[in-house]
1. Would you calculate the separation in nanometres between label points at ASP79 and LYS46, each defined as 7 Å from the Cα along the Cα-to-beta-carbon direction?
2. Accessible area, 1.4 Å probe, largest first: how do CYS53, CYS90 sort?
3. What residues qualify as long-range amide H neighbours of CYS58, i.e. H under 5 Å apart, gap of 5 or more or another chain, H built at 1.01 Å from N?
Amino acid sequence: MQSKSQVVILVCSISYIILWGTGCTGAFITNLSEGCYRCLCHVSTKCDTSHGCTAGYCGPFNISRVYWIDAGKITLPDDDPDRNHAWEDCARNYHCSKRIIEGYLQKFGKDAIGLTT
């Protein structure tokens, strides 16, 4: 019988593969469930919402500044994306960091058919 942690790791791994694979094929997943976000969060930092920044990666999803920029510079309400630490503050907030991921998927989760290399 598998332990609870083994099942969680298996589900997270499968979810990660599906998300990675659909990103490569250009499919855009518009309705990631809270379970999917929790799984990604668990894989990133064991969903440690108190996780600060380490080696340029911040928050429970380990978001980098480059990823944040690519996602559209999502910020906390009433924050200025040009403020020096706006990206870190958003990335350290669970709900704001989910919006970063959504922004990234909206921008890069497009149909890649017809693109040339």
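The values are calculated or read from the model by the stated rules, or taken from the named source; none is laboratory data. Bear in mind the structure is a predicted one, so any value in this text is a computation, not a measurement. Heads up, the Cβs are rebuilt from the backbone with ideal geometry, glycines too, and the neighbour counts pull from every protein chain shown. Accessible surface is based on the protein model in full, side chains and every heavy atom, while ligands, DNA and RNA are left aside. Shrake-Rupley method; radii C 1.70, N 1.55, O 1.52, S 1.80 Å.
1. 2.5 nm
2. Details: CYS53 60, CYS90 0 Å².
Result, largest first: CYS53, CYS90.
3. Residues meeting the criterion, in which the H sits 1.01 Å from N, are ILE63, SER64.
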